[in-house]
Amino acid sequence: MLTIKNLKVNYGYVNALKGVDIDIKKGKIVSILGSNGAGKTSLLKAISGLVEDKEGQIIFDEKDITNLSTEKVVSLGISHCPEGRRIFPELTVEENLKIGAYVLRKSKINLNDEFNRVYSFFPKLKERSKQVAGTLSGGEQQMLAIGRALMSKPKLLMLDEPSLGLAPIIVSEIFKIIKDINKEGTTVLLIEQNANQALKISDYSYVLELGQVVTSGISQDLLNDESIKKSYLGA
Ligand code: ATP
């Protein structure tokens, strides 16, 4: 579904990605692991058309999307839930979700169906639909950010550190919902520092270090790999 070939991203003299190859098969959950500054966020930004200086090739559904605008990338079916959630705190839950459906405005899709689909994954958001988003708990704000990304009906949902700053019990709840979203047919690209959880829910994983892929494999195998255990799982 998504093939990335020799992707390089630069910020001036900083080489954030130094030639990365990644392949994401339809229907799977693929996770990208790595410590702070490894280049994980830069990878998602490059796919979403949010970095200026990049080289290489990004192919989505057999179409070269390397140099497309963010709006075009979203309209082709890739949605990006950014690190730090970036919800609009002054707007209600419903208004935040509506913004996520912006690219559907010209299509004949019934917005109500999209709201219902998102609310079926996140019943708490339905209960709080008229509440101002800034007053939600951290976990609920993360749910809203994921819900908003789902409103554009993506084929590929990209999540940047959904577990960041949340209590373990909330993280488990959110990861379970990510699994449900995937089961309903959405392919997921998951960026995580929480390697343990990410390996448990994903099918395939890549480990990034200093802008390069250093390991990749079936997530279950990586979970049992001694060097991964030592470096990323706190064993
Ligand atoms: P984090 O989890 O901290 O976001 P990451 O793995 O997502 O880390 P990136 O945010 O992609 O890593 O950063 C990769 C490298 O690029 C780092 O060295 C970072 O300092 C640098 N970098 C990222 N964004 C910029 C920017 N806008 N300008 C300059 N350097 C940047």
Could you run through region 106-140 and say how many residues are within 20 Å of the chain's Cα centre (by Cα) and open to solvent by less than 40 Å² (accessible area, probe 1.4 Å)? 10
Of all residues in region 187-204, count the ones that are among the hydroxyl-bearing types (Ser, Thr, Tyr), open to solvent by 10 Å² or more (accessible area, probe 1.4 Å) and out of contact with any helix residue (DSSP H, G or I) (no Cβ under 7 Å at 6 or more places or on another chain). 0
Which number in (1) within 16 Å of the ligand (Cβ to nearest atom); (2) over 15 Å from the mean Cα position of the chain (by Cα); (3) touching a residue at least 40 places away in the same chain (Cβ under 8 Å); (4) open to solvent by 20 Å² or more (accessible area, probe 1.4 Å) marks the one condition that Leu164 misses? (2)
Examine region 42-50 for a residue that is of a type in the set (Ser, Thr, Tyr), open to solvent by less than 70 Å² (accessible area, probe 1.4 Å) and more than 16 Å from the ligand (Cβ to nearest atom), and state whether such a residue exists. no
For region 14-27, give me the residue count where each residue is surrounded by fewer than 17 Cβ atoms within 10 Å (Cβ to Cβ), at negative phi and more than 9 Å from the ligand (Cβ to nearest atom). 5
Can you name the residue in region 69-105 that is away from the ligand (no atom under 16 Å from the Cβ) and of a type in the set (Lys, Arg) and, of all such residues, is least open to solvent (accessible area, probe 1.4 Å)? Lys72
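The values are calculated or read from the model by the stated rules, or taken from the named source; none is laboratory data. This structure is a prediction, so every number in the text was calculated from the model and none was measured. When we count neighbours, we look across all protein chains shown, and the Cβ atoms used for this are built from the backbone with ideal geometry, even at glycine. We work out accessible area using only protein heavy atoms, side chains counted, and drop any ligands, DNA or RNA first. Shrake-Rupley method; radii C 1.70, N 1.55, O 1.52, S 1.80 Å.
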